[in-house]
Amino acid sequence: MTAIAQTPRRAVARPSRDGRPGSRRINWVATIILLFGAVYCLVPVLWILIASTKSNGELFSTPPLVPSFDGSFFSNISGILSYDHGIWLRWAGNTVIYAVGGGVLSTFIAAAAGYALGKYRFRGSAFVFRTIVAAVLLPSVLLAVPQYLLLAPVGLTNTYWSVLLPQLVNPFAIYLCKIYAEASVADEIMEAARLDGASEWKIFHSIGLRLMAPALITVFLIQFIGVWNNFLLPFVMLSDNELYPLTLGMYGMIMPTGGQPNQFSLVIGGVFLSIVPLAAIFLSLQRFWKVDLLSGGVKL
Amino acid sequence: MAIATSAPRRRRRGPILPVLLVAPAVILLLLFTFAPAVYAFVLSLLRVHVSGGLLGSSTETVFAGVANYVSTLTDSEFWASLGRMLLVAAVGVPSVLVFATLFALCLDANRARLTGFSRLAIFLPYAVPGVIASLLWGFLYLPATSPIGGQFIDYFGSTAIFFAVANVAVWGVLGFNMVVLYTALQSVPRELFDAAQIDGASELQIALRIKLPMIAPAMTLVALFSVIGALQLFNEPTTLKPLTNAISSTWVPLMRVYSDAFVNNDIYGGAASAFTLLVMTVGATVLVNVIGNRLSRRSAR
């Protein structure tokens, strides 16, 4: 997309300068600034890659940016995978349930609500929409403790539901879906489908959802990142470490060390394992991001 | 005639589907967003009253009025935690805004190279959750394992700690905000730049005089995201806490809400702190929005 957007500009800009074809010099200032940014963002990841090849002793005795090749990498990885009877894999599985399961569910909830608010007028629809816009102002993280206080009397705390349910609805996601539904699902198509005898439900799931798909991928990614990033909610809700997501589990591993280095190589192995698959998935999904949706959403 | 009028009326009353579609969201929103906020407010008005009786003391919950708010607002530690949060925000928010804008302008600049690689590299930390990022940077800060001079610089020093915490947060969100701004730049009509270039404007002048004002609304959005993020600061200091004594258990307001409610078992005081914070966040959000809109309107003129 970048390449497509920039090519015509370069083609116009070059002759307009002085008509000289040799002005394709590299913009060193911009290139170097960007490389600085890239190094800043990559160095910690690179360090964890190197540190994961070291045993606990080597971590403190060898230069920080020189990897070790004595096979500690595999013992670190198998160490974290077998830690406490393989609890790390359980945490990874829980993370999938919370972030992917919760992400998919909440995307559908937001899509349904956004479609209904964007394409229909019904009694109270304006009021519902105004309420949702107001709810955008209430940050969910600040509500984690009150949510615990509310769920504790009904015995829902320390369950999968206690982490899933509060994150199923995201007012901002509904807002984005409403705007996208208004812009992308044409009234004419819906009317044509009605004349052909399609039910409202069929119009929603076979036309509405399909036309909203690009926005839904972005909404899913926003939700996924939000859940994966939300530490306070599981921290407050869960006491059974079998239910922990990865973030809470890893925090629990560093916690008892109190800065003491005996478990460091294990934690480093765990951090490495949490980052790599996620980064791979994320970068491969990168081109589906529609960030213009976010900036466009606020202009309206 | 009767048929003709009844058909449109049925259409106007509308099918039942939209109500069904919007229902799950509304119900969940009521249960998990509005109810907790209201419940927190109700709890914040209560307190435990211990009364001594013949059969030993008994506790009951009584109406406390604004007593919990008074004790929160007169507690110097509450203001200190708010102050620490604002210091981190004072370092972090401008950094995000300046560097995200700088990188977006560089990505958009003519003849810049390796842009695909840099964009991906800067975006990558967004996939790393705050807790993992804090562990990662924690190791980089710790003197024993630091590859960035932790042996000589005390990253957990009394001043450095604010930069250390802000740095973890900035590292995580820089790429996302850069992409937001870059996308805004891409939607600016290209003819504007070409016209300026023909008039002899340099790349730098185009960036400062044309591109910056054009993306002012998106910059407001970035500032808003960053301020809201700063007010919810919790993950980074909590995760860095086991590594250093420089971070107390009430270092930022949200940590205080947690320790009030769960460590000190004072859910009423915790609810009052939580609700105070909620009101402050809503206020700050509205304020940033108003300022941003006013600024971008002025620059559009």
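Rounded, prolate or oblate: pick one for the stretch A:47-178, where a ≥ b ≥ c are the square roots of the eigenvalues of its C-alpha gyration tensor, a/c under 1.5 means rounded, and failing that, prolate if a/b is larger than b/c, else oblate.
Working: a/c = 3.21, a/b = 2.45, b/c = 1.31.
Note, shape of the stretch A:47-178 comes out prolate.
For B:L46, list long-range residues whose amide hydrogen, built 1.01 Å from N in the peptide plane, is under 5 Å from its own amide hydrogen.
Here B:A64 satisfy the definition.
Mind checking the dipole of chain A: about its Cα centre, +1 per Lys or Arg Cβ, -1 per Asp or Glu Cβ, Debye to the nearest 20? Please list the in-between numbers first.
On the way: 20 positive and 13 negative charges, 275 e Å.
Charge dipole of chain A: 1320 debye, to the nearest 20.
Residues of B:135-145, mean number of Cβ from any other protein chain within 10 Å of their own Cβ, rounded to a whole number? Numbers along the way, then the final one.
Details: counts 11, 10, 2, 4, 12, 6, 0, 4, 1, 6, 9.
Mean partner-chain Cβ count within 10 Å for B:135-145: 6.
For chain A, how many pairs of lysine residues have a Cα-Cα distance under 24 Å, where the two are 8 or more positions apart or belong to different chains? All intermediate terms of the calculation are to be shown ahead of the outcome.
Working: A:K119/A:K178; A:K119/A:K202; A:K119/A:K290; A:K119/A:K299; A:K178/A:K202; A:K178/A:K290; A:K178/A:K299; A:K290/A:K299.
Eligible lysine pairs with Cα atoms under 24 Å apart amount to 8.
Tell me which of B:A272, B:G130, B:F78 sits at the most positive position along the dipole axis of the stretch B:75-300, charges placed on C-beta atoms (Lys, Arg +1; Asp, Glu -1).
B:G130
Would you please give the residues with an amide H less than 5 Å from that of B:A112, counting only those at least 5 places away or on a separate chain, with H modeled from the backbone geometry?
The answer is A:N27.
Hey, in the GNM for chain B with a 10 angstrom Cα cutoff, which one of B:V290, B:V252, B:V173 fluctuates hardest?
Residue with maximal mean-square fluctuation among B:V290, B:V252, B:V173: B:V290.
Give me the percent relative contact order of chain B, please, defined on Cα pairs under 8 angstrom at least 6 residues apart.
Details: 311 pairs, mean separation 72.3, N = 301.
Worked out over chain B, it gives 24 percent.
In whole Hz, with x marking every Gly and Pro, tabulate ³J(HN,Hα) for the stretch A:46-55 from phi via Karplus 6.51 cos²θ - 1.76 cosθ + 1.60, θ = phi - 60°.
5, 4, 5, 4, 6, 5, 5, 8, 10, 7
Given a Förster radius of 51 Å and the C-beta distance between B:F41 and A:E58 as r, what FRET efficiency does 1/(1 + (r/R0)^6) yield to the nearest 0.05?
Numbers: r = 54 Å, r/R0 = 1.06.
The value I calculate is 0.40.
What order do you get for A:H85, B:H49 when you list them from fewest to most C-beta neighbours inside 10 Å? Numbers along the way, then the final one.
Working: A:H85 8, B:H49 12.
Ascending number of Cβ neighbours within 10 Å: A:H85, B:H49.
Of the residues B:A100, B:A246, B:A274, which exhibits the maximal mean-square fluctuation in a Gaussian network model of chain B defined by a 10 Å Cα contact cut-off?
Residue with maximal mean-square fluctuation among B:A100, B:A246, B:A274: B:A246.
Label A:A279 and B:A23 with points 7 Å out from Cα along Cα→Cβ: what is the distance between them in nm?
4.7
Classify the stretch B:75-300 as rounded, prolate or oblate from the Cα gyration tensor: take a ≥ b ≥ c as the square roots of its eigenvalues, call it rounded if a/c is under 1.5, otherwise prolate when a/b beats b/c and oblate if not. Don't jump to the answer; show the numbers that get you there.
Details: a/c = 2.89, a/b = 1.61, b/c = 1.80.
It comes out oblate by the Cα gyration axes.
Kindly provide the helix-only [θ] at 222 nm of chain A, computed as the sum of -39,500 (n - 2.57) over DSSP H runs of four or more divided by all residues, to the nearest 500 deg cm²/dmol? Kindly include the intermediate steps, with their values, before the conclusion.
Details: 16 runs with 196 residues, N = 300.
Helices in chain A give a 222 nm mean residue ellipticity of -20500 deg cm²/dmol.
Could you order the peptides B:68-80, A:221-233, A:184-196, A:48-60 from most to least packed, using the average number of other C-beta atoms within 10 Å per residue? Could the numbers behind the result be given before it?
Details: B:68-80: 15.4, A:221-233: 22.5, A:184-196: 12.9, A:48-60: 19.2.
The densest-packed peptide leads the list: A:221-233, A:48-60, B:68-80, A:184-196.
Taking the Cα centre of the protein assembly as shown as origin, sum charge times position over the Cβ atoms of Lys and Arg (+1) and Asp and Glu (-1), and report the length of that vector in debye to the nearest 20.
Details: 39 positive and 25 negative charges, 504 e Å.
Computed charge dipole of the protein assembly as shown: roughly 2420 debye.
Report ³J(HN,Hα) in whole Hz for each residue of the stretch A:214-219, in order, from the Karplus equation J = 6.51 cos²θ - 1.76 cosθ + 1.60 where θ = phi - 60°; Gly and Pro get x.
x, 5, 5, 5, 5, 4
Could you point to the residue in A:F122, A:Y160, A:G252 farthest towards the positive end of chain A's charge dipole, with +1 and -1 charges on the Cβ of Lys/Arg and Asp/Glu respectively?
Checked the options; the winner is A:F122.
Mean Kyte-Doolittle of at least 1.6 plus a Cα span of 18 Å or more along the axis: flag which DSSP H helices in chain B meet both, please. Display every interim value, and only then the final one.
Values: long enough: B:17-29 (19 Å, 2.81); B:76-108 (47 Å, 1.56); B:160-186 (37 Å, 1.71); B:216-231 (22 Å, 2.04); B:267-300 (48 Å, 0.91).
Once both thresholds are applied, what remains is B:17-29, B:160-186, B:216-231.
Can you give the average number of partner chain beta-carbon atoms within 10 Å of each beta-carbon in peptide A:40-50, as a whole number?
Working: counts 8, 14, 7, 4, 11, 6, 1, 8, 6, 0, 1.
Neighbouring Cβ atoms belonging to other protein chains average 6 per residue here.
Given the options A:P44, A:P166, A:P67, which has the most mean-square fluctuation in a GNM of chain A, springs set between C-alpha atoms less than 10 angstrom apart?
A:P44
Would chain A count as rounded, prolate or oblate if I go by the C-alpha gyration tensor, calling it rounded below 1.5 in a/c and otherwise prolate when a/b exceeds b/c, oblate otherwise? Show your work: numbers first, answer last.
Details: a/c = 2.54, a/b = 1.19, b/c = 2.13.
In terms of gyration-tensor shape, oblate.
Pairs of alpha-carbon atoms within less than 8 angstrom and 6+ residues apart define the contacts here; what relative contact order does chain A have, in percent? Please report the intermediate quantities before stating the final value.
On the way: 273 pairs, mean separation 79.1, N = 300.
RCO, chain A: 26 percent.
All of the numbers you see were taken from the coordinates with simple rules; none came from a lab. Source: prediction; values computed, not measured. Please note: Cβ atoms are built from the backbone with ideal geometry, for glycine as well, and neighbour counts cover all protein chains shown.
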